[in-house]
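Structure, as structure tokens:
Each reported figure results from applying straightforward, stated rules to the coordinates on display, with no laboratory input. Since this is a predicted model, take the numbers as computed values, not measurements. Heads up, the Cβs are rebuilt from the backbone with ideal geometry, glycines too, and the neighbour counts pull from every protein chain shown.
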Amino acid sequence: MSVQNCCIASEESISQNLATRLNEAYSHSEITRYGKVAYIDSYGYEKDGIYEHFLYKNALEFVDLYSDFGGLDLSKYCAMVLGMSIDEVALWKHREKLYEFLDNGGIVISFCHNYTKILPNNSGYIKSPVEIRDREIKLVGHSLTNGIREYDINYRRGVKGFFNRGYFEIDEKDCEVFLRDSEGKVVGYIDRISTRGVIVSTAGADLLTFGVFENNSARRLGLNLFKWLAQELKQRESNKICLASRLAQNLISEENQSGLFHFDCDIIASQTPQNPLRKNPKLKNAIITGGASYERNFFYNKDAKYAHFFDKRIYHKQAKDTDFSEFDYIVIASRANPRFLLPCKDKFLDFLKNGGSIVSFGEITQDYLPNIAWKEYGVNFWWWLSEGADMPFVVCESGKSLFEKMSLFTAKWHYHGAFYPPKDCINILQNELGEAIIYKDISFKGGLYVTSLDPDFHLGQGFMPKTEPFFDNFMEWIENDILKHKLGHKLEHKEAK
């Protein structure tokens, strides 16, 4: 055997040994003897979701909310996890299944915002009015946070706010609180009273994901959760817990009789947004978005600044049945689920050919829009922490009008990739390789505006302040460009006559 082949065989042996040891160390047999933990997801991270991480994969099983959850036999699972970014509209439609699981003694671990009030005894996520720099997450001596340093859940590489930015209002006498903030608000709790099952709920604080890629004590959060779960399952088995069901019909309040209630533009008409962003009255627009908390919160954060910017909110599952022709332009929100955009591929193309414009934020990983060539990059979230560092963006000649009212620095937070646009395009913003960060495809009667930047996502998440002026100026520039384009068509038509 050659030296090279010997080296390859040696590496394979080491790799196999490691896989064996990891499976032994993190088998989680004390959990799986009762069944797997169903991780309910709705975005499409099947290949690289947290349920594939070596610490958790032997206990977690991915379940697609849209295609699998409705017909799933939950009796074979000992618990379920509702991820932080789960589509809460789609989940609400399966509320009876969730309630049945709890009524049968199941354990639900929720990191979602609960804005549809699907979980009992819970106000839904409330964004803390305290500035991130002044707010602290406090440990209260619970086993779920054993061995965790407060610093490690408050800071990530010296930056605050990643773990949690809000709280719940609950009836504390019926719950076991394990996380609070510096104002005494409840960030995480365990509820064994509202149902025959157990609810572990955090206000968007993901115990499985946060810290798992860092080298600090926060990496223990998920393993602590699994240790608690194993003890809970064992105790419930030995006690043969049989409580009277407390799940009443009034869990589903009248205001929540439609899972899509938050997509109606008048739901917060009673509120007067402070300094609202106003669209051009000459244009009619719509946004295609989903039911994740950050997608919903885009309309509520910033004192509901963007609540009425769009004439219509189109829930992504309903996009294929929506008539686009009534709109001058459509925005596709960043992180919109491609599975619901692909059926709209021909509709998008017809819309562009007939003079409608489309604005797409963030990555485009599937070909629901025409002429797309996407190059994904690993994200450098931390470049700005180094003194003198910069993100080398270049404003193209055609992009100068976009940056008349904002600095180039406003566009610099991070990006997940870049585009290689078609020949019939106008480049607006490029990176150091000349790859497109913002461009306009002019192959059609209408304009296709594409950017790999994701300001709407960060506005919904409630961090990255510069995304607000970027979004405001970008949308104003888009509308001015659309109107200019429409005027040009009218003049051409007039001259032709």
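Which entries of Lys405/Lys484; Lys400/Lys486; Lys282/Lys466 show an alpha-carbon separation above 23 angstrom in the structure shown?
Lys282/Lys466
Quick one: if the Förster radius is 45 Å, what FRET efficiency do Arg21 and Ser407 give, using the C-beta to C-beta distance and rounding to 0.05?
Values: r = 52 Å, r/R0 = 1.15.
For Arg21 and Ser407, the calculated efficiency is 0.30.
Report, in deg cm²/dmol and to the nearest 500, the calculated mean residue ellipticity at 222 nm for the chain, where each DSSP H run with n ≥ 4 adds -39500 (n - 2.57) and the sum is divided by the residue count.
-7500 deg cm²/dmol
What's the whole-number percent of alpha carbon pairs in region 24-245 lying beyond 29 angstrom?
21 percent
Helix by helix through the chain, keep the DSSP H runs that span 20 Å or more along the axis on Cα and average at least 1.0 on Kyte-Doolittle, and give those back in order.
none
Enumerate the whole-percent occupancy of each 10 Å bin, from 0 to the last occupied one, for all C-alpha pair distances of region 105-189.
Bin by bin from 0 Å, the calculated values are 16, 49, 31, 4, 0.
How do the peptides 37-43, 220-226 rank, highest first, by the average count of neighbouring beta carbon atoms within 10 Å per residue?
Going by the mean number of other Cβ atoms within 10 Å, highest first, we get 37-43, 220-226.
Per 0.36 nm of contour for each residue apart, how much would the distance between Ser13 and Lys320 grow if the chain were fully extended, relative to their Cα-Cα spacing?
Length gained between Ser13 and Lys320: 105.5 nm.
Show me the GluC sites (Glu not before Pro) within region 388-497 that DSSP assigns to loop and that have at most 14 other Cβ atoms within 10 Å of their Cβ.
Of the GluC sites (Glu not before Pro), the ones in loops of region 388-497 whose Cβ has at most 14 other Cβ atoms within 10 Å are Glu404, Glu432.
What does the charge count around Gly71 come to, taking other residues whose C-beta lies under 12 Å from its C-beta (Lys +1, Arg +1, Asp -1, Glu -1)?
So the surrounding residues net to -2.
As an exercise, use a Förster radius of 51 Å and the Cβ-Cβ distance of His53 and Asn354 to find the FRET efficiency, rounded to the nearest 0.05.
E between His53 and Asn354, to the nearest 0.05, is 0.65.
Could you give the C-alpha radius of gyration of region 156-198 expressed as a fraction of 2.2 N^0.38 Å, taking N as the number of residues it contains?
Normalised Cα radius of gyration, region 156-198: 1.39.
Take each of the peptides 302-312, 364-374, average the number of other beta-carbon atoms within 10 Å over its residues, and list them starting from the highest.
Values: 302-312: 18.5, 364-374: 16.8.
So the order, starting with the most tightly packed, is 302-312, 364-374.
Report the convex hull volume per residue for the chain, counting only C-alpha atoms, in Å³.
Working: hull volume 96.4 nm³, N = 497.
About 194 Å³ per residue, rounded to a whole number.
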